[in-house]
Amino acid sequence: MDQFRFNKILILIGALSCLLLSTVASARHLLAAPVPLELTQFCSGTDNPTLCVDTIAPVLAGNFDPVRAVEGEINATLQKASEIAASISKQLEDPATAKEALDALNICKTQYDDMLDSIKEALNMVVQMNVMEAYRKMSAVISYKSSCDDAYTESPGVEMPFRQEATTLFQLSGNCVTVLNTIVKTTTV
Ligand SMILES: *[C@@H]1O[C@H](CO)[C@@H](O)[C@H](O)[C@H]1NC(C)=O
C-alpha cells in the first residue's frame, strides 16, 4: 500500500471514530434526559426541587434507588463545599487579600474543613444505611455554613467573595437534610 492511500485510510478511520464517539455521546444524552417520576417525587418535598433533580438525575442508573439518590445529593454538596474551601485557602494564601478579611477567612477555613469531614462522614453513614446519623451530619453542615456567614456579618465592610456558592451549598445541604428526614420517617417505625 502506498503512503498516500495509507494516509487516506487513516483519515477515514479518524473521521469514523469521531462520528461514532459523538453518536455515543448524544445517545447517552438522550438516555439521561427523561427524569424518573420517582426522582421528581423524591425531590418534591425539598426547598429546591429543581436543583435536587438536576444534581441527582445524572448519577442515577437503572432503577430508582432512594439511597443512591441521596448519596448523589450528598456528593453534589461535597463537591460544592470543596470548591468553596479551596477558594478560601487560595484567598488566605494570596498576599493581595485585604487584612480586614483575614479574620473571617480564617474562621471560614475552620468551618469548611469541619464541614468537609462532616459531609464525608455522612456519605459513609449512608453507605452503611445509617440514615439517622447521616441526617445529623448533614444538619451540622448548615451550622458550619452559618458560622462562616456570621464571621462576615461581624466584619463590617468585608464582602463574602463566595456568597453565591455558599447559597448553592445551603440549598444542596438543605435538600439532603429534607430527603434524609423523609427516609428516616418512612423507614423507621
Ligand atoms: C458518590 O461519590 C463516591 C466517591 O466519589 C462514588 O463512589 C459514588 O458512586 C458516588 N455516588 C453517586 C450516587 O454518584
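The values are calculated or read from the model by the stated rules, or taken from the named source; none is laboratory data. Predicted model only: the values in this text are computed from it and were never measured. Note that we place each Cβ from the backbone using ideal geometry, even for glycine, and neighbour counts take in every protein chain shown. Quick note on the areas: whole protein, heavy atoms, side chains included, nothing else; ligands and nucleic acids left out. Shrake-Rupley method; radii C 1.70, N 1.55, O 1.52, S 1.80 Å.
For the structure I just gave you, tell me whether F42 is free of Cβ contacts under 8 Å to residues at least 40 places away in the same chain and away from the ligand (no atom under 11 Å from the Cβ). Spelling it out, it is not the case that F42 is free of Cβ contacts under 8 Å to residues at least 40 places away in the same chain and away from the ligand (no atom under 11 Å from the Cβ).
If you go through segment 109-118 one residue at a time, how many are hydroxyl-bearing (S, T, Y), surrounded by fewer than 17 Cβ atoms within 10 Å (Cβ to Cβ) and within 16 Å of R136 (Cβ to Cβ)? It would help to see each step written out before you state the result.
Within segment 109-118, the first condition is being hydroxyl-bearing (S, T, Y), and the residues that meet it are 110, 112, 118.
Now narrow it down to the ones that are surrounded by fewer than 17 Cβ atoms within 10 Å (Cβ to Cβ): 110.
From what is left, the residues that are within 16 Å of R136 (Cβ to Cβ) are none.
Summing the residues that are hydroxyl-bearing (S, T, Y), surrounded by fewer than 17 Cβ atoms within 10 Å (Cβ to Cβ) and within 16 Å of R136 (Cβ to Cβ) in segment 109-118 gives 0.
Here K145 qualifies as touching a residue at least 12 places away in the same chain (Cβ under 8 Å), of a type in the set (K, R) and under 22 Å from K90 (Cα atoms).
Identify the residue in segment 141-154 that is of a type outside the set (D, E, K, R) and surrounded by fewer than 18 Cβ atoms within 10 Å (Cβ to Cβ) and, among all such residues, is farthest from N106 (Cα to Cα). Per the stated criteria, the residue is I142. Scanning segment 48-78 for residues that are crowded, with 24+ Cβ neighbours inside 10 Å and more than 10 Å from the ligand (Cβ to nearest atom) gives C52, T77. If the condition is being touching a Ser or Thr at 6+ places or on another chain (Cβ under 6 Å), closer than 20 Å to L39 by Cα and of a type in the set (G, A, S), then segment 130-189 contributes only S173. Criterion applied to T178, T168 was being closer than 16 Å to S87 by Cα, in a helix (DSSP H, G or I), touching a helix residue (DSSP H, G or I) at 6+ places or on another chain (Cβ under 9 Å) and of a type in the set (S, T, Y), and the one residue passing it is T168.
With under 22 Å from E159 (Cβ atoms), open to solvent by 50 Å² or more (accessible area, probe 1.4 Å) and within 16 Å of the ligand (Cβ to nearest atom) as the only criterion, which of E93, E83, E121 stands out? It would help to see each step written out before you state the result.
Details: E93 fails: within 16 Å of the ligand (Cβ to nearest atom); E121 fails: under 22 Å from E159 (Cβ atoms).
None of the others qualify; the one that does is E83.
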